[in-house]
1. Using θ = phi - 60° and the Karplus form 6.51 cos²θ - 1.76 cosθ + 1.60, what ³J(HN,Hα) does each residue of segment 160-175 get, whole Hz, x for Gly and Pro?
2. Per residue of segment 55-60, in order, report the coupling 6.51 cos²θ - 1.76 cosθ + 1.60 (Karplus, θ = phi - 60°) as ³J(HN,Hα) in whole Hz, putting x for Gly and Pro.
3. So, how do all the Cα-to-Cα distances of segment 25-230 break down into 5 Å bins, in percent, from 0 on up?
4. Based on the Cβ-Cβ distance from residue 53 to residue 155, what FRET efficiency comes out when R0 is 30 Å, to the nearest 0.05?
5. Contour minus end-to-end for residue 24 and residue 129, with contour as 0.36 nm per residue of separation and end-to-end as the Cα-Cα distance?
6. For every other residue with a beta carbon closer than 13 angstrom to the beta carbon of residue 107, add +1 if it is Lys or Arg and -1 if Asp or Glu, then tell me the sum.
7. I'm a student and want to see the number: the projected area of the Cα convex hull of segment 181-231, averaged over all directions, in nm².
8. Starting from the Cα-Cα distance between residue 206 and residue 46, subtract it from 0.36 nm times their residue separation and give me the gain in nm to one decimal.
Amino acid sequence: MQRLTAIGLILLLTLAPAAAKRKATTVRLETTAGLIRVELSDETPRHRDNFVKLCRQGFYDGTLFHRVIKDFMIQGGSCDARVTQQGDSLVSPSRDKVLGDCDPGYTLPAEFNLPWLFHERGALAAARESDDVNPEMRSSGSQFYIVYGRSWGENSLGKMRATLDEKGIEMNREMWDAYLTRGGAPHLDGTYTVFGHVVEGMKVVKQIQAVATDKDDRPLEDVVLLRAVVE
């Protein structure tokens, strides 16, 4: 009887970690173009927790996707790119002003996690200032982008792999296959923090990245992130 009890206890302790495994955090991005749902990675806890905090504070509600580049990415999260309510004019309405310089007043340390988190199509990543003023590659406190990226052939992807190798960044087989079959932006790997990925709404991302933009990559017709809801 004691032996059976001991065996049962061992089985319980073995199964306990699996049962207690943390459920992945998802966020629903409700935009004027449709719904995008993203899953945040537990491998980048500072970026995950910061994104969740800002979403719950309503920081992103009413902000714009202020920078959009076809076959590359859609960027949002700047507090100077905002509408007060749906249909209202911008807080900074001048079309002469380049939006996207506003954040919560802090940055986050990089949390690179290659080869597990990389810039495949649908990746959620943190924007940041350029290397010349940000050599530590710290992330913006709020601004993010979602990768759409380009399609790759074996020759062009092989050249990109060689370029990354020269920088000491390895593209393993999983990354190679993902870029070859789904596309993405591998040139950003190892320099910008990826902290999640789209699990629903890539058609919406595709639609947004194709909109007409001005010389500063701002959509001519505003694309608004109405609400960001932690689920």
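1. Once rounded to whole Hz, the list reads 5, 4, 5, 5, 5, 4, 5, 8, x, 10, 8, 9, 7, 5, 4, 5.
2. 4, 5, 7, x, 4, 7
3. Going from the shortest bin to the longest, the percentages are 1, 8, 16, 20, 21, 17, 10, 5, 2, 0.
4. 0.10
5. Value of the extension gain: 34.9 nm.
6. For residues surrounding residue 107, the net value is -1.
7. The orientation-averaged projected area of the Cα hull of segment 181-231 comes to 5.5 nm².
8. 54.8 nm
Each value in this text was obtained by applying a stated rule to the coordinates, not by laboratory testing. What you are looking at is a predicted structure, and each value in this text was computed from that prediction instead of being measured. Cβ coordinates were reconstructed from backbone atoms using ideal geometry, including for glycine residues, and neighbour counts include every protein chain displayed.
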